[in-house]
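Trainee: My questions all concern the structure below.
The values are calculated or read from the model by the stated rules, or taken from the named source; none is laboratory data. From a predicted model like this one, the values you see are computed outputs, not experimental measurements. Neighbour counts run over all protein chains shown; Cβ positions are idealised from the backbone, glycine included. Remember, those area values only see protein heavy atoms, side chains included, never the ligands or the DNA or RNA. Shrake-Rupley method; radii C 1.70, N 1.55, O 1.52, S 1.80 Å.
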Amino acid sequence: MAAVLRSSAAKPGAAQPVRAGRPSRLDGHRLMPYALVLPATLYLLVFQGYPLLRELMLSFTSTSLLAPADGQWVGLQNYADLWRDPDFHRVIFTTLLYTVACVASAIGLGLGSALLLDAPFRGRGIARALVTIPWAAPPVAVALIFIWIYNAQYGVFGHTLRFFGIEAGQENWLDSMQHAMPAVLITTIWQIFPFASVVLLAALQGVPSELREAAVMDGADRLSVFKAVVWPTIRPSVALLALFSTIWSLRRFDLIWLLTQGGPVGSTNTLVIDLYRRAFVNHHLGQAAAVGMVGVVIALAVTLVYFRYTARAEKQGAR
């Protein structure tokens with residue numbers, strides 16, 4: 001009888017008893033993704049989520065930088081004051097203008113330079129290395145160089161314009177309400193477009209050469225090859241680059257502050273510059289936090305547009 005029981009337990013199809021108290025291997029596999037994501041999640045909650053929550057709570061108070069512990073709850077008063085402030089409306093317009101100009105110009109120049117660097121020519125490796133120099137340069141050094149370039153007396157920019165017969169005037173571009181924003185945009189775009197160039201060049205490397213050759217054999221010209229083959233392949237990279245560039249432009253502080261400090265007369269005063277002035281010049285932390293939350297809302301809106309765009313593109317690609 002004991003032999004029969006041992007033989008039945010050894011059969012492959014027989015049910016085996018499950019030992020209690022020991023997790024199965026399948027449960028370990030299910031928990032592994034959560035364990036891998038946990039460190040990044042904790043980092044975001046501690047160093048991003050908590051400060052953001054504190055900023056949100058601070059935006060509902062009237063708190064002075066000189067007495068941060070004596071803040072008083074005012075509800076939505078800070079947001080109402082910003083809504084009624086015409087200068088803040090100008091700040092929003094200046095920020096959007098700066099962001100759109102930076103993103104469009106950086107992606108346009110980056111795509112053009114990436115297409116040139118993707119073509120075979122002698123010295124292409126050196127050219128690819130040189131194009132990254134503006135992006136690698138520190139913002140402080142870039143600002144100091146362009147302050148010298150825009151100087152009306154000894155700056156190379158004014159001398160170049162006068163060489164081509166264009167009257168440059170005797171006023172520094174950074175001190176002119178008419179020219180300060182173009183000067184800041186030129187400086188910013190010069191520094192950021194190499195990053196777009198590198199990203200788009202990497203995307204161009206992923207375009208299958210067989211598709212290009214097949215399109216050329218079918219009689220397509222370069223523009224048709226770009227529209228039918230290259231652009232559909234690099235479009236996700238362009239969209240993601242536009243998202244990151246938009247968020248970075250919304251929060252850019254160093255170049256603008258070093259060049260103009262938001263002046264003259266607020267012509268280059270963006271959200272981040274206005275936040276700094278309200279917090280550390282006017283000592284009003286509550287209003288500064290409200291300005292910061294407005295910037296967060298704009299960034300979240302841009303991110304939402306990006307995800308809706310990518311979801312729609314994926315649906316169209318799946319058809």
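Trainee: Have a look at 275, 255 and point out the one that is open to solvent by less than 70 Å² (accessible area, probe 1.4 Å) and more than 18 Å from the chain's Cα centre (by Cα).
Mentor: None of the others qualify; the one that does is 275.
Trainee: Answer with yes or no whether residue 192 is within 29 Å of residue 137 (Cβ to Cβ) and at pLDDT 85 or above.
Mentor: Judged against the criteria, residue 192 is a match.
Trainee: Okay, moving on. Residue 136 - would you say it is open to solvent by less than 50 Å² (accessible area, probe 1.4 Å) and within 24 Å of residue 196 (Cβ to Cβ)?
Mentor: no
Trainee: Have a look at 245, 237 and point out the one that is more than 30 Å from residue 67 (Cα to Cα), at pLDDT 90 or above and either surrounded by fewer than 20 Cβ atoms within 10 Å (Cβ to Cβ) or touching an Asp or Glu at 6+ places or on another chain (Cβ under 6 Å) (or both).
Mentor: 237
Trainee: Say we look at segment 107-133 and pick out the residues that are among the β-branched types (Val, Ile, Thr) and loosely packed, with under 14 Cβ neighbours inside 10 Å; which of these is nearest to residue 198 (Cα to Cα)?
Mentor: Looking at the filtered set, the residue picked out is 132.
Trainee: If you don't mind, there's one more thing I want to ask. Condition test on residue 279, is it touching a helix residue (DSSP H, G or I) at 6+ places or on another chain (Cβ under 6 Å) and in contact (Cβ under 8 Å) with a residue 60 or more places away in the chain?
Mentor: Taking the combined requirement at face value, the residue satisfies it.
Trainee: Shifting gears a bit: Going by the conditions given, is residue 121 in a loop (DSSP other than H, G, I, E, B) and more than 27 Å from the chain's Cα centre (by Cα)?
Mentor: Here the answer is yes, as residue 121 does meet what is asked.
Trainee: Another question, if that's okay. Taking the criterion of being of a type outside the set (A, V, I, L, M, F, W, C), under 24 Å from residue 303 (Cβ atoms) and open to solvent by less than 20 Å² (accessible area, probe 1.4 Å), would at least one residue in segment 211-232 satisfy it?
Mentor: No, the conditions are met nowhere in segment 211-232.
Trainee: Right, here's the next one. If the Cβ limit is 8 Å and pairs must be 6+ apart or interchain, which residue in segment 234-257 that is within 19 Å of residue 190 (Cα to Cα) pairs with which residue that is open to solvent by 70 Å² or more (accessible area, probe 1.4 Å)?
Mentor: Correct list of pairs: 253/276; 254/140; 257/276.
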